Amino acid sequence: MNAAEVVNTLLEERFGVTPGEVTEGTALRSLRLDSLALEELRVLIEEQLDVDLEEVSLTSRDTVGQLVAAIDGKVTA
């Protein structure tokens, strides 16, 4: 699975987001993810993709596309 697939799957399965709600331009806050949920999402992504996102600053104002780009940057580094 690539980063986008992992993010989409986690959002749908762990956070109850409707599949049609998720696009690259969707703000994480519009998916009702608070700071605690964002931290949980970060940890789950790290576990599934074996990547360290500790230095990635993630806020609810970021979009799904920004999150995926940050993950891709860490995976290729």
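Readers should treat all values here as calculations from the given coordinates under stated rules, not as data from a laboratory. Given the structure is predicted, the values throughout are model-derived calculations rather than measurements. Note that each Cβ is placed from the backbone with ideal geometry, even for glycine, and that neighbours are counted across all protein chains shown.
Within the stretch 63-77, the residues that satisfy the criterion of being among the aliphatic types (A, V, I, L, M) and without any contact (Cβ under 8 Å) to a residue 40 or more places away in the chain are Ala69, Ala70, Ala77.
Within the stretch 3-42, the set of residues being outside any helix (DSSP H, G or I), under 12 Å from the mean Cα position of the chain (by Cα) and surrounded by fewer than 12 Cβ atoms within 10 Å (Cβ to Cβ) comprises just one member, Thr23. Check Ser35 against each of (1) of a type outside the set (Asp, Glu); (2) in contact (Cβ under 8 Å) with a residue 24 or more places away in the chain; (3) farther than 15 Å from Ser60 by Cβ and name the one condition it does not meet. Just one mismatch for Ser35, condition (3). The set of residues in the stretch 45-62 being in contact (Cβ under 8 Å) with a residue 12 or more places away in the chain, within 22 Å of Glu13 (Cβ to Cβ), surrounded by fewer than 17 Cβ atoms within 10 Å (Cβ to Cβ) and touching an Asp or Glu at 6+ places or on another chain (Cβ under 8 Å) consists of Ser60 alone.
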